[in-house]
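One structure is given here, and the rest of the page talks about it.
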Amino acid sequence: MPPVGELPVEPEPTVWALPDPASAPPGTDLIGVGADLAPGTVLAGYRRGLFPMEVDRGGPLGWWSPDPRGILPLDGLRVSRSLRRSCRRFDVTVDHCFTDVMAACADGRREHGWITEEFLDTYTRLHRMGWAHSMEVWTADGDLVGGLYGIEIGGFFAGESMFHLVRDASKVALVALVEKLAAAPPAPRLLDVQWVTDHLASLGAIAVSRSAYLTRLRSALGQPPALTASPPVG
């Protein structure tokens, strides 16, 4: 991972011409199928408003841009009294064990799991280049019990997945992420959560049109990142 204060390392540019979600029919989520998971391709996808995920488990690679798109406004996070108490019970770190967090998110016993070994390899490489980040939640005894990971490009953060082994641990990771993003120098920032589930809606996520999302994305990409690099541990 790049030293603290340095920009992430750009991977080799993609050889693929990825589709433009702005030209996709309204209400469609799947924009294209194919290409690869090379780091340069993945970053190019995010910069265009796409994210990669298999069309079906074990199926071809799809490029998605949901319409509407789920985002979490940094000033709209809902933290209940009980969640605030949970935040005080745990310790949170950044980029301490990225691979462990992503592996926990990829646990094959989880319903609707989609994170394959190829995804693990690509996002670990992006972590080492300074693009992918994790939030880790620990007990006082030093046990990893929750976390999340995602991609940060400038003022844009794409939340990819989170996990918990004890109640509220993934929510604590999300609260810590929002606090990190909100504490950075003022700038247009965008926290992407892909789709608005009931769980995310209860925390303040909202749905916006694809065109509104792409406008916010363009504004956020040119801003300085909020998360600082730290020596890779996992």
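The values are calculated or read from the model by the stated rules, or taken from the named source; none is laboratory data. Values in this document were obtained by computation on a predicted structure and should not be read as measured data. Counting neighbours? That spans all protein chains shown, and the Cβs are built from the backbone with ideal geometry, glycine included.
Would the stretch 100-119 turn up any residue that is hydroxyl-bearing (Ser, Thr, Tyr) and either assigned to a helix (DSSP H, G or I) or in contact with a Ser or Thr (Cβ under 8 Å, 6 or more places away or on another chain) (or both)? Don't jump to the end; show me each part of the working.
Let us first name the residues in the stretch 100-119 that are hydroxyl-bearing (Ser, Thr, Tyr), namely 116.
Checking which are either assigned to a helix (DSSP H, G or I) or in contact with a Ser or Thr (Cβ under 8 Å, 6 or more places away or on another chain) (or both) leaves us with none.
Checked against the condition, which is being hydroxyl-bearing (Ser, Thr, Tyr) and either assigned to a helix (DSSP H, G or I) or in contact with a Ser or Thr (Cβ under 8 Å, 6 or more places away or on another chain) (or both), the stretch 100-119 yields no hits at all.
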query = Within the bounds of the stretch 4-14, is there any residue that is among the acidic types (Asp, Glu), in contact with a strand residue (DSSP E or B) (Cβ under 7 Å, 6 or more places away or on another chain) and either farther than 19 Å from residue 134 by Cβ or part of a loop (DSSP other than H, G, I, E, B) (or both)?
reply = no
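Considering only residues that are charged (D, E, K, R) and more than 15 Å from residue 151 (Cβ to Cβ), look in the stretch 32-56 and name the one that is surrounded by the fewest Cβ atoms within 10 Å (Cβ to Cβ). I'd like the intermediate steps shown before the answer.
Going through the stretch 32-56, the residues charged (D, E, K, R) turn out to be 36, 47-48, 54, 56.
If we keep only those that are more than 15 Å from residue 151 (Cβ to Cβ) as well, we get 36, 54, 56.
Details: 36: 15, 54: 16, 56: 8.
Here the answer is 56.
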query = Among 181, 227, 174, 200, which is touching a residue at least 12 places away in the same chain (Cβ under 8 Å), under 14 Å from the mean Cα position of the chain (by Cα) and not in a helix (DSSP H, G or I)?
reply = 227
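Return the total of residues in the stretch 203-217 being within 17 Å of the chain's Cα centre (by Cα) and either not hydrophobic (A, V, I, L, M, F, W, C) or not in a helix (DSSP H, G or I) (or both). So that I can check it myself, show each step before the final result.
Start the filter on the stretch 203-217 by keeping residues that are within 17 Å of the chain's Cα centre (by Cα), which leaves 203-207, 213-214, 216-217.
Okay, now just the ones that are also either not hydrophobic (A, V, I, L, M, F, W, C) or not in a helix (DSSP H, G or I) (or both), so 203-207, 213, 216.
Summing the residues that are within 17 Å of the chain's Cα centre (by Cα) and either not hydrophobic (A, V, I, L, M, F, W, C) or not in a helix (DSSP H, G or I) (or both) in the stretch 203-217 gives 7.
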inquiry  = Only one of 172, 145, 166 is in contact with a strand residue (DSSP E or B) (Cβ under 7 Å, 6 or more places away or on another chain), buried (at least 24 other Cβ atoms within 10 Å of the Cβ), more than 23 Å from residue 220 (Cα to Cα) and hydrophobic (A, V, I, L, M, F, W, C). Can you tell me which?
reply    = 172
message = Any residue that is at pLDDT 95 or above, under 17 Å from residue 114 (Cα atoms), in contact with a strand residue (DSSP E or B) (Cβ under 8 Å, 6 or more places away or on another chain) and buried (at least 19 other Cβ atoms within 10 Å of the Cβ) - is there at least one of those in the stretch 67-83?
response = no
message = Residue pairs, Cβ under 8 Å, 6 or more apart or interchain, first in the stretch 69-89 and farther than 16 Å from residue 146 by Cα, second among the polar types (S, T, N, Q) and not in a loop (DSSP other than H, G, I, E, B). List them.
response = 69/194; 70/194; 78/202
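Can you tell me how many residues in the stretch 78-97 are in a helix (DSSP H, G or I), of a type outside the set (Lys, Arg) and more than 11 Å from residue 176 (Cα to Cα)?
3
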query = Any residue at all in the stretch 16-31 that is crowded, with 19+ Cβ neighbours inside 10 Å, touching a helix residue (DSSP H, G or I) at 6+ places or on another chain (Cβ under 9 Å), part of a strand (DSSP E or B) and modelled with pLDDT of 95 or more?
reply = yes
ask   = If we scan the stretch 56-77, do we find a residue that is charged (D, E, K, R) and part of a helix (DSSP H, G or I)?
value = no
Cβ-Cβ under 6 Å pairs, at least 6 apart or on other chains, the stretch 13-34 side touching a residue at least 12 places away in the same chain (Cβ under 8 Å) and under 15 Å from residue 209 (Cα atoms), far side among the polar types (S, T, N, Q) and outside any loop (DSSP other than H, G, I, E, B) = none
